[in-house]
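The values are calculated or read from the model by the stated rules, or taken from the named source; none is laboratory data. As the structure is a computational prediction, the values presented were derived from the model and not from experiment. Note that each Cβ is placed from the backbone with ideal geometry, even for glycine, and that neighbours are counted across all protein chains shown.
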Amino acid sequence: MGVLEIKGLYKYYGKKCALKNVNLTGDFGEIVGLFGPNGSGKTTLLKLIVGFLRPSSGSIRVDGKDIDHNTRAIVSFLPDNNLLPLWMTIKDAFNFYKDFFPGFEEKRFKDLIDYFNLSMNRKVKELSKGEQEKVCLSLAISRKAKIYLLDEPLGGIDPASRERILTGILKNYREDSLMIISTHLISDVESIADRVIFISQGEILLNEKTEKIREEKKMSVDELFRKTF
Amino acid sequence: MGMINLLKYGILGKKKYYLTLFLSTIGVYFILFMGHYYFKNNISPEFAFAISFLVMLVSLILNIIFNIMSLNTEDIRYLYYSVPINPKYIYLRRMLMGLFETIFIFLLNMLFMTMIIQFLNPIFKDQLINYLQRGGIFTLLIYNLAMEWIIIICSTFVIASNLPSEKDILRYLLNVMTILYLLFNDALRSMLSRIFPYNISLHMPQFNYESIITGSLRYNINLPKFNVNIASTIFYILTFIFFLVLNSYLFEKYIEIK
């Protein structure tokens, strides 16, 4: 049994079907790349796993439990935009996570903030978009969770910083967790992904080990993506 | 512990708001006080009371609006919904904050109003203490609860707007129910009073705004006999609880973070 099990998942927005019959499992120790064009259903899928959205039909089980507020303790989500209120400083955000999330690793967070050359006293509203993303990423990966969902962690980040962020993610990755990284910047992420999922118009088109794709298709995941879409 | 932390961050997030509220209230009373000297003692206690009442009313209305807005812009957002706490507590936290803030605004204005009117009319403080001792404190409490009632009812519209798109019918029903309730609440209560004409007599002091600004304060704090209809009061309390429970339930079971 995987830490994440999705069966027959459908999600409708009004009459529009955002996800069609999604079946997925995820195990500990995996980094999964979730790739798809804009509007393919990547963010919807992640929001359903964390419990921000509710399935129209089908089931999602996290660590053997149905999604509710309790499962949020073991699912760490990084949204594709800033989640922190603008009144906060980085220190306030740090205290917030420390107060609400058991097992939040203070040292890991402080190390990450140093690594990204940020200071704890800076206000969220004074940070650039890229800096806000770095703070949110540091908060998300400093939590002790069983599933990490990173939605576009490299969106809005310059190419030089992307390398730094990916190194930060890899350095802090826990073997006893599942990490799903959703992005359309495939070439940046494919090197760290153990498995890739292609999603388009709400349907899973491909769910395969990265190595197997390279061996069988004789091309990189990025090349396969460009060929597929 | 979770609720205490929610309240803690709710208060921290509104530090500037509380400071602005406090300073602007002081500012208005300071201007009133200075005006008294500028107009060479021509400001009457009645005028001061009217201004105090107006400041309090504006603050209370703004407070209702800010709380409803915070529900939409802060509570139904990623951060609070990420925490492993039953979402109904996020809603109840906002309602509690609304109540505390209403009481804070009341007390702040009462304090300054007493100070300034006492200065203009030296018997005011005694009258006010007398008024509070004779049950006026309950009248003020009821006014506070009425403000909280508005926040709870209005929050239903915000919650309805954050329901999933496949719950269109529920959203529509919630909006219609709340509008109908707001429109016909008074008529319903009078109807209940007529059907079940059982009253209890209370001696609840009134703050008669009309007569206070036109007459003398000296004669306006009285203890008229108050007939409280049992059926309409029960209806009022039940709808208060109904909307609170309904909104908490919707917050927990249906809301989506888009």
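Of the residues making up the range B:129-138, none is touching a residue at least 24 places away in the same chain (Cβ under 8 Å), more than 14 Å from every other protein chain (Cβ to nearest Cβ), under 13 Å from the mean Cα position of the chain (by Cα) and in a helix (DSSP H, G or I).
Any residue that is assigned to a helix (DSSP H, G or I) and over 29 Å from B:Ile76 (Cβ atoms) - is there at least one of those in the range B:96-103?
The initial filter retains those residues of the range B:96-103 that are assigned to a helix (DSSP H, G or I), namely B:96-103.
With over 29 Å from B:Ile76 (Cβ atoms) added as a condition, the list becomes none.
No, the range B:96-103 contains no residue that is assigned to a helix (DSSP H, G or I) and over 29 Å from B:Ile76 (Cβ atoms).
In the set (1) surrounded by 15 or more Cβ atoms within 10 Å (Cβ to Cβ); (2) of a type in the set (D, E, K, R); (3) farther than 30 Å from B:Asp186 by Cβ, the condition left unmet by B:Asp126 is number (1). I'm trying to understand the selection: among the residues of the range A:49-60, which are touching a Leu at 6+ places or on another chain (Cβ under 7 Å), among the aliphatic types (A, V, I, L, M) and either on the phi > 0 side of the Ramachandran plot or at the interface with chain B (Cβ under 10 Å from one of its Cβ atoms) (or both)? Scanning the range A:49-60 gives a single hit, A:Val50.
When only residues in the range B:55-73 that are farther than 13 Å from B:Val158 by Cβ and aliphatic (A, V, I, L, M) count, which is farthest from the chain's Cα centre (by Cα)?
Quick first cut of the range B:55-73, residues farther than 13 Å from B:Val158 by Cβ only: B:55-63.
Filter once more, so that each one left must be aliphatic (A, V, I, L, M): B:55-58, B:60-62.
Numbers: B:Val55: 14, B:Met56: 10, B:Leu57: 9, B:Val58: 11, B:Leu60: 6, B:Ile61: 8, B:Leu62: 10 Å.
Among them, the one singled out is B:Val55.
From A:Ile180, A:Ile169, A:Ile199, grab the single residue that is out of contact with any Ser or Thr (no Cβ under 8 Å at 6 or more places or on another chain), within 27 Å of A:Phe28 (Cβ to Cβ) and in a strand (DSSP E or B). Only one candidate qualifies: A:Ile180. Given the structure, is B:Ile65 more than 14 Å from chain A (Cβ to nearest Cβ), in contact with a Leu (Cβ under 9 Å, 6 or more places away or on another chain) and free of Cβ contacts under 8 Å to residues at least 24 places away in the same chain? So B:Ile65 does not fit the description; no. In the range A:84-106, the residue that is surrounded by the fewest Cβ atoms within 10 Å (Cβ to Cβ) out of those that are without any contact (Cβ under 8 Å) to a residue 12 or more places away in the chain and of a type outside the set (Asp, Glu) is A:Lys98.
Contact map, the range A:63-79: residues that are at the interface with another protein chain (Cβ under 10 Å from one of its Cβ atoms) paired with residues that are among the basic types (Lys, Arg) and in a loop (DSSP other than H, G, I, E, B), Cβ distance under 7 Å, separation 6+ or inter-chain. Pairs shown: A:Ile74/A:Lys146; A:Ser76/A:Arg143.
Would you point out which residue out of B:Tyr29, B:Tyr37 is crowded, with 19+ Cβ neighbours inside 10 Å and either in a helix (DSSP H, G or I) or within 14 Å of chain A (Cβ to nearest Cβ) (or both)? So that I can check it myself, show each step before the final result.
Numbers: B:Tyr37 fails: crowded, with 19+ Cβ neighbours inside 10 Å.
Just one listed residue meets the conditions, B:Tyr29.
Checking every residue in the range B:104-116 against the condition of being among the hydroxyl-bearing types (Ser, Thr, Tyr), farther than 29 Å from B:Leu12 by Cβ and surrounded by fewer than 21 Cβ atoms within 10 Å (Cβ to Cβ) gives at least one match. A Cβ distance below 6 Å, combined with a sequence gap of six or more or placement on separate chains, defines the contacts here; from the range B:154-168, residues that are away from chain A (no Cβ under 14 Å) reach residues that are assigned to a helix (DSSP H, G or I) and among the charged types (D, E, K, R) in the pairs B:Ala160/B:Arg171.
Residues that are surrounded by fewer than 16 Cβ atoms within 10 Å (Cβ to Cβ) and either at the interface with another protein chain (Cβ under 10 Å from one of its Cβ atoms) or more than 28 Å from B:Thr73 (Cα to Cα) (or both) within the range A:107-119 comprise A:Lys107, A:Lys110, A:Asp114, A:Asn117, listed in sequence order.
Taking the condition in a helix (DSSP H, G or I), more than 23 Å from A:Asp99 (Cα to Cα), at pLDDT 90 or above and among the polar types (S, T, N, Q), does B:Ser52 pass?
Numbers: in a helix (DSSP H, G or I): yes; more than 23 Å from A:Asp99 (Cα to Cα): yes; at pLDDT 90 or above: no; among the polar types (S, T, N, Q): yes.
Taking the combined requirement at face value, the residue does not satisfy it.
The residues in the range A:115-136 that are over 22 Å from the mean Cα position of the chain (by Cα) and assigned to a helix (DSSP H, G or I) can be counted, and the count is 2.
What are the residues in the range A:19-68 that are surrounded by fewer than 18 Cβ atoms within 10 Å (Cβ to Cβ) and closer than 22 Å to A:Ser138 by Cα, if any? Those that are surrounded by fewer than 18 Cβ atoms within 10 Å (Cβ to Cβ) and closer than 22 Å to A:Ser138 by Cα: A:Phe28, A:Gly29.
Can you tell me which residue is nearest to the other protein chains (Cβ to nearest Cβ) among those in the range B:68-88 that are surrounded by fewer than 21 Cβ atoms within 10 Å (Cβ to Cβ) and farther than 19 Å from A:Asp92 by Cα? This residue is B:Asn86. Exactly one condition in (1) over 30 Å from A:Ser191 (Cα atoms); (2) at pLDDT below 95 is not met by A:Asp63; state its number. Just one mismatch for A:Asp63, condition (1).
Of all the residues that make up the range B:207-245, how many are surrounded by 15 or more Cβ atoms within 10 Å (Cβ to Cβ), within 28 Å of B:Leu96 (Cβ to Cβ) and modelled with pLDDT under 85? Can you show your working first?
Of the residues in the range B:207-245, the ones surrounded by 15 or more Cβ atoms within 10 Å (Cβ to Cβ) are B:207-208, B:211-213, B:217, B:220-221, B:223, B:226, B:229, B:231-233, B:235-236, B:239-240, B:243-244.
Within this subset, residues satisfying the condition of being within 28 Å of B:Leu96 (Cβ to Cβ) are B:207, B:232-233, B:235-236, B:239-240, B:243-244.
So of that shortlist, the ones also modelled with pLDDT under 85 come out as B:207.
So the answer is 1.
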